[in-house]
Amino acid sequence: MIAVHVLNGPNLNLLGTREPQTYGSATLADIEASLRARAGELGVDLVFRQSNHEGDLVTWIQEAGKAGAGVLLNAGAYTHTSVALRDAIAGAGALAVELHLSNVHARESFRHHSFIAPVCAGVICGFGARSYTLALEAIVPLLQARSGAKA
Ligand code: DQA
């Protein structure tokens, strides 16, 4: 069975009340519930995690890579600062998609640069909570192609 680890970085635990004009009113638990429903339809085994600590995200990326699972990463502000997350994805050989609720390119210039995007299969941003579903739908055929290539 295809496995996908959805890893959420700092401040995403505040969704629902955090700057709703930018991030919408869905909580992270709401997002997890709708993603689990879609994962069920797609036959994907889903792990869903959040941490405010960069090192937790590094460890979880390594775990996913070792397990051969795909990674959907909303690294929050670490997207724009973290060489460690970039190195974790590259080092673990993880198949990853970067995602964001907001359209980071339509916001402050410091959000326009991502350390993570160059080591990801692609980036999805700007669709609110739907960014998660779109990212899941995007990564599944990539994981299928990879496991087909290995078989
Ligand atoms: C975010 C965008 C980041 O720039 C920001 O720091 C976040 C959330 C998003 O999902 O839109 O924390 O990753």
Check: Using helices alone, what [θ] at 222 nm do you get for the chain, with -39,500 (n - 2.57) per DSSP H run of 4 or more residues, divided over all residues and rounded to the nearest 500?
Finding: -13500 deg cm²/dmol
Item checked: FRET efficiency for Thr22 and Ala121, using Cβ-Cβ distance with R0 set to 35 Å, rounded to 0.05 -> 0.85
Margin query: If amide hydrogens are placed 1.01 Å from N in the peptide plane, which non-local residues have theirs closer than 5 Å to the one on Val47?
Written below: Val4, His5, Val6
Notebook entry, point to check: How far is it, in nm, from the label point at Ser109 to the one at Ala145 when both lie 7 Å from their Cα along the line to the Cβ?
Noted result: 3.6 nm
Checklist line | Relative contact order (percent, whole number), the chain, Cα cutoff 8 Å, 6+ residue spacing | finding: 26 percent
Notebook entry, point to check: Taking the C-alpha atoms of the chain, how large are the radius of gyration and the largest Cα-Cα span, Dmax, in Å?
Noted result: 14.3, 46
Checklist line | Label-to-label distance, nm, for residues given as Ala77 and His53 (7 Å Cα→Cβ offset) | finding: 1.8 nm
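Values quoted throughout were computed directly from the atomic coordinates according to the rules given, and no laboratory measurement underlies them. Remember, predicted model here, so these are calculated numbers, not experimental data. Note that we place each Cβ from the backbone using ideal geometry, even for glycine, and neighbour counts take in every protein chain shown.
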